[in-house]
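K.L.:
Can you read through this structure? Questions will come right after.
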Amino acid sequence: MVLEAKNISFQYGRDTKQILENFSLRMESHERVGIVAPSGFGKTTFCKILSGYEKPDGGEVLLDGKPLSSYGRYCPVQMIWQHPEQVVNPRLRMREVLKQGDEIEEYIVEGLGIEEDWKNRFPAEISGGEMQRFCIARALGRRTRFLLADEISTMLDLITQSQIWSFLIGEVERREIGLLAVSHSMPLLESVCTRIIDLEHL
Amino acid sequence: MEEKKVILDIRNFSVSFEQYEKGFRKTGLPVIRNLDVTIREGEMVAVVGSSGSGKSLLAHGILGILPYNATMGGELVYDGELLTKERQKALRGNEIVLVPQSVAFLDPLMKIGPQIRKGKKDQASREKLNGIFEGYHLKNEVQELYPFELSGGMNRRVLVSTAMMGNPRLVIADEPTPGLHMAMVRRVMSHFRELADQGAGVLLITHDLEQALEVADRVVVFYAGTTVEDADAKDFRSEETLRHPYSKALWRALPQNGFQFIRGTQPYVKDLPEGCPFGPRCEWYTEACKGEISCREVRGGRVRCVRAV
């Protein structure tokens, strides 16, 4: 499959800075693309647009030539957010958080190192690293075709980082999911991605 | 070389939380045990370790801002005197400053400028803040905005500016750089380094080992609430010069060193194994690791492992 962003422009509100201007990106589902840029460059905003959380002022996002909205209730482009604690419902147990998306196969939960008793806890009772594993699992539903990873490992320690990334790389390769990784760490992107885009020096 | 003056000496420090189990039964949850860290004048000490190893609690313990159900043990010695509650209260914000981990520490109802200047309106503090903001690529208009109007990275830089406002003796930076891009991280780090070179002690809490190694003099490695290794930053150049198996595992997990990981997770404080907390994940694990493990001097560093050579 091909995910295409065509001439995207975006700004929050009328009097603020133009964040994205005529930005285009095309990626195929066997690719792992890395994005680097200074903060405030619109990386998160771009991910939000790609996964349908935000509508661009100009331009369009196409998945295999069709707009995202034509894909039914589950969006095949899933985003993993930088701050997992902001994207889980604090009133749900982690077990229910996992069920919010598409059907998730059991080996994913195991492969990410999620332990059985974490599932009974509420978001406030688990650490950021543990919660991020749930969020990654939730984004890897059966119908996911593209995965946008927006700084998903900055809050994790090195060992957890390499654990999660090696699982993710294996998974996206096996299922031919396209991966877009946003990070400030060049060594990380160099070992994860097949292609790196530097937004500042385009 | 003359031994530099010790600013903060943390000895056998511990933090435990009081929790209610079923009904009124209370239990203590020891999240930090046997922690030793020393910070000297002009020295930058990095604390690295996995998330949940108690790094932030250490910072909050030093400032005396732990939640009410936490109990501290051990000794904190600041400038040769015991750091009591009263002294903590008098020193924090003046001599001891904290760069907090989360942008949620900013007051959402106060404009950035007055907040960082702590309400001071005189020309000198205004000019100082302008200078600091310029260095961090923050426009002067930012001072008239509220925290919610800034991006995550901008708020980060605002937080870091707080440390540069006064003339601190001890700076505690708790994960000051996530969400910032490389060039800005370097700049922030070099400013902390400058503060250290001017004689302050800097305690840098981070899990970004690479950044820590670029600027810090010493690196202290935490695991499950205790110090497992205290080493010179130079020792992290290769796996062989490190002492503790957990530090070696951290080194191997860096993307440029193979991106390898070890199985398992850090144990939850309630079900810590007997003896060495790292034992169950360690390839060196033997009978001897099940006893009490004390800190030893090995090749000029300190390590809490019976097998380290």
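K.L.:
Check A:V87 against each of (1) closer than 27 Å to B:S53 by Cβ; (2) touching a strand residue (DSSP E or B) at 6+ places or on another chain (Cβ under 6 Å); (3) not hydroxyl-bearing (S, T, Y) and name the one condition it does not meet.
P.N.:
(2)
K.L.:
Hey, could you check the stretch A:99-131 for residues that are among the acidic types (D, E) and under 21 Å from A:Q78 (Cα atoms) and say which is least open to solvent (accessible area, probe 1.4 Å)?
P.N.:
A:D102
K.L.:
Sticking with this structure for a sec: If I ask for residues that are under 27 Å from B:V185 (Cβ atoms) and buried (at least 24 other Cβ atoms within 10 Å of the Cβ), which ones from the stretch A:140-158 would you list?
P.N.:
If the condition is that a residue be under 27 Å from B:V185 (Cβ atoms) and buried (at least 24 other Cβ atoms within 10 Å of the Cβ), then A:L147, A:L148, A:A149, A:I152, A:S153, A:D157, A:L158 are the ones that fit.
K.L.:
May I ask you to verify whether A:R174 is closer than 23 Å to A:S70 by Cα and open to solvent by 20 Å² or more (accessible area, probe 1.4 Å)?
P.N.:
Numbers: closer than 23 Å to A:S70 by Cα: no; open to solvent by 20 Å² or more (accessible area, probe 1.4 Å): yes.
Spelling it out, it is not the case that A:R174 is closer than 23 Å to A:S70 by Cα and open to solvent by 20 Å² or more (accessible area, probe 1.4 Å).
K.L.:
Here is a check on your reading of the model: is B:R252 surrounded by fewer than 19 Cβ atoms within 10 Å (Cβ to Cβ), in contact (Cβ under 8 Å) with a residue 12 or more places away in the chain and within 30 Å of B:I132 (Cβ to Cβ)? If you could, list the steps in order and put the result at the bottom.
P.N.:
On the way: surrounded by fewer than 19 Cβ atoms within 10 Å (Cβ to Cβ): yes; in contact (Cβ under 8 Å) with a residue 12 or more places away in the chain: yes; within 30 Å of B:I132 (Cβ to Cβ): no.
Spelling it out, it is not the case that B:R252 is surrounded by fewer than 19 Cβ atoms within 10 Å (Cβ to Cβ), in contact (Cβ under 8 Å) with a residue 12 or more places away in the chain and within 30 Å of B:I132 (Cβ to Cβ).
K.L.:
Are there any pairs, at least 6 apart or on different chains, whose C-beta atoms fall under 7 Å, with the first in the stretch A:178-198 and more than 8 Å from chain B (Cβ to nearest Cβ) and in contact (Cβ under 8 Å) with a residue 12 or more places away in the chain and the second among the hydroxyl-bearing types (S, T, Y) and surrounded by fewer than 22 Cβ atoms within 10 Å (Cβ to Cβ), and if so, which?
P.N.:
Pairs that qualify, where the first residue is more than 8 Å from chain B (Cβ to nearest Cβ) and in contact (Cβ under 8 Å) with a residue 12 or more places away in the chain and the partner is among the hydroxyl-bearing types (S, T, Y) and surrounded by fewer than 22 Cβ atoms within 10 Å (Cβ to Cβ), are A:G178/A:S29.
K.L.:
Now for a different question. Out of the residues in the stretch B:260-289 that are touching a helix residue (DSSP H, G or I) at 6+ places or on another chain (Cβ under 8 Å) and within 25 Å of B:V45 (Cα to Cα), which is nearest to the other protein chains (Cβ to nearest Cβ)?
P.N.:
B:F278
K.L.:
Would you be able to tell me the number of residues in the stretch B:274-309 that are within 30 Å of A:L168 (Cα to Cα), open to solvent by less than 40 Å² (accessible area, probe 1.4 Å) and assigned to a loop (DSSP other than H, G, I, E, B)?
P.N.:
Going through the stretch B:274-309 one residue at a time, the tally reaches 3.
K.L.:
What number of residues within the stretch A:139-166 are farther than 13 Å from A:I80 by Cβ and touching a helix residue (DSSP H, G or I) at 6+ places or on another chain (Cβ under 9 Å)?
P.N.:
Summing the residues that are farther than 13 Å from A:I80 by Cβ and touching a helix residue (DSSP H, G or I) at 6+ places or on another chain (Cβ under 9 Å) in the stretch A:139-166 gives 9.
K.L.:
Here are some conditions: (1) without any contact (Cβ under 8 Å) to a residue 24 or more places away in the chain; (2) more than 30 Å from A:E130 (Cβ to Cβ); (3) more than 14 Å from every other protein chain (Cβ to nearest Cβ); (4) of a type outside the set (G, A, S). A:R73 meets all but one. Which one does it not meet?
P.N.:
Tallying (1) without any contact (Cβ under 8 Å) to a residue 24 or more places away in the chain; (2) more than 30 Å from A:E130 (Cβ to Cβ); (3) more than 14 Å from every other protein chain (Cβ to nearest Cβ); (4) of a type outside the set (G, A, S), A:R73 fails exactly one: (2).
K.L.:
Might you let me know whether the stretch B:107-115 holds any residue that is open to solvent by 30 Å² or more (accessible area, probe 1.4 Å) and basic (K, R)?
P.N.:
The answer is yes, given that some residue of the stretch B:107-115 is open to solvent by 30 Å² or more (accessible area, probe 1.4 Å) and basic (K, R).
K.L.:
Also, I was wondering about something else. Are there any pairs with C-beta distances below 6 angstrom linking a residue in the stretch B:64-76 that is among the acidic types (D, E) to a residue that is open to solvent by 70 Å² or more (accessible area, probe 1.4 Å), with the two at least 6 apart or on different chains, and if so which?
P.N.:
So the pair list comes out as B:E75/B:R11.
K.L.:
Identify the residue in the stretch A:140-158 that is part of a loop (DSSP other than H, G, I, E, B) and small (G, A, S) and, among all such residues, is nearest to the other protein chains (Cβ to nearest Cβ). Outline the logic, then answer.
P.N.:
First, the residues of the stretch A:140-158 that are part of a loop (DSSP other than H, G, I, E, B): A:140-145, A:151-157.
Retained after the next criterion (residues that are small (G, A, S)): A:141, A:153.
On the way: A:G141: 24, A:S153: 10 Å.
That would be A:S153.
K.L.:
A further question follows. Would you mind finding the one in B:G74, B:G80, B:G152, B:G131 that is farther than 30 Å from B:D9 by Cα and either at pLDDT 90 or above or more than 14 Å from chain A (Cβ to nearest Cβ) (or both)?
P.N.:
B:G131
Residues checked against (1) open to solvent by less than 50 Å² (accessible area, probe 1.4 Å); (2) closer than 21 Å to B:A183 by Cβ; (3) touching a strand residue (DSSP E or B) at 6+ places or on another chain (Cβ under 6 Å):
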{"residue": "A:F10", "(1), (2), (3)": "yes, no, yes"}
{"residue": "A:D15", "(1), (2), (3)": "no, no, no"}
{"residue": "A:F23", "(1), (2), (3)": "yes, no, yes"}
{"residue": "A:M27", "(1), (2), (3)": "yes, no, yes"}
{"residue": "A:H30", "(1), (2), (3)": "no, no, no"}
{"residue": "A:I35", "(1), (2), (3)": "yes, yes, yes"}
{"residue": "A:C47", "(1), (2), (3)": "yes, no, yes"}
{"residue": "A:L62", "(1), (2), (3)": "yes, no, yes"}
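K.L.:
Ok, one more. When you go through (1) more than 23 Å from B:S56 (Cβ to Cβ); (2) in contact with a Lys or Arg (Cβ under 9 Å, 6 or more places away or on another chain) one by one for A:A139, which number turns out not to apply?
P.N.:
Of everything listed in (1) more than 23 Å from B:S56 (Cβ to Cβ); (2) in contact with a Lys or Arg (Cβ under 9 Å, 6 or more places away or on another chain), A:A139 misses just condition (2).
The values are calculated or read from the model by the stated rules, or taken from the named source; none is laboratory data. All of these numbers come straight from a predicted model, not from anything done at the bench. In this analysis, Cβ positions are derived from the backbone assuming ideal geometry, glycine residues included, and neighbour counts consider all displayed protein chains. Protein only, heavy atoms only, side chains kept; ligands, DNA and RNA dropped before computing areas. Shrake-Rupley method; radii C 1.70, N 1.55, O 1.52, S 1.80 Å.
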